[in-house]
Amino acid sequence: MSFVDGIKIHQKRWIMTLHVIALVVLGLMCGSELNVAAFAHPTLNRLPLESHILLRSAWARLFGRVMPSWMAGSTALNLLLLLPFAHLTGTAWRLAAIAFGIQLFAVVFSLVGPVPINNRITKWTPQSLPPDWREQERRWDAYHWFRTCGLIVAFVLLAVSLGTRPSC
């Protein structure tokens, strides 16, 4: 094997590693988002009002700090796969591009849908609830389910993209 062939194999392995990292980061985010939608918030809704509001507000603050970086980082990792140095072609590139588009939409959607509500929820206390607090929670949960389903579709597409990429 020539030196140039060795470099090409090393580059392909690095790109494969990038693809796997993008998939793992997106997969973990999907798991976190699904947990919130399917388990955490329904459990919160069964708690007494004071506990419910204090926990919801605390989680809104925590995830309000964590999720923007996680979503942007995951989207950026997927974007790297679409650049020419990644050498994705055909079906693998198209699937990764669709997954990227969904992720980008999820980021923009988050900024106009759940994030403004989340920012209000961070300030809630049991004594300072707005009159429409239940409606705001329901709207946030609906937006969150919509975004979570989209991100899961993006994850599946990215996984299939990994499976259809040319071998090393």
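Just checking: which of the helices (runs of 4 or more DSSP H) contained wholly in region 19-117 hold 2 or more residues that are closer than 27 Å to R138 by Cα and either under 13 Å from the mean Cα position of the chain (by Cα) or of a type in the set (A, V, I, L, M) (or both)? Spell out the reasoning first.
Values: elements: 41-44, 49-82, 90-112.
The helices (runs of 4 or more DSSP H) meeting that bar are 49-82, 90-112.
For G163, which of the numbered conditions (1) at pLDDT 95 or above; (2) part of a helix (DSSP H, G or I) fails to hold?
(1)
Just the residues that are surrounded by 13 or more Cβ atoms within 10 Å (Cβ to Cβ) and either in contact with an Asp or Glu (Cβ under 9 Å, 6 or more places away or on another chain) or closer than 18 Å to M71 by Cβ (or both), please, taken from region 117-138.
Within region 117-138, I117, N118, I121, T122, P126 meet the criteria.
Just checking, how many residues over region 95-106 are surrounded by fewer than 17 Cβ atoms within 10 Å (Cβ to Cβ) and within 14 Å of F146 (Cβ to Cβ)?
Qualifying residue count, region 95-106: 1.
The values are calculated or read from the model by the stated rules, or taken from the named source; none is laboratory data. Quick caveat: nothing in here was measured; it's all calculated off a predicted structure. Here the Cβ is made from the backbone with ideal geometry for all residues, glycine too, and neighbour counts use every protein chain on show.
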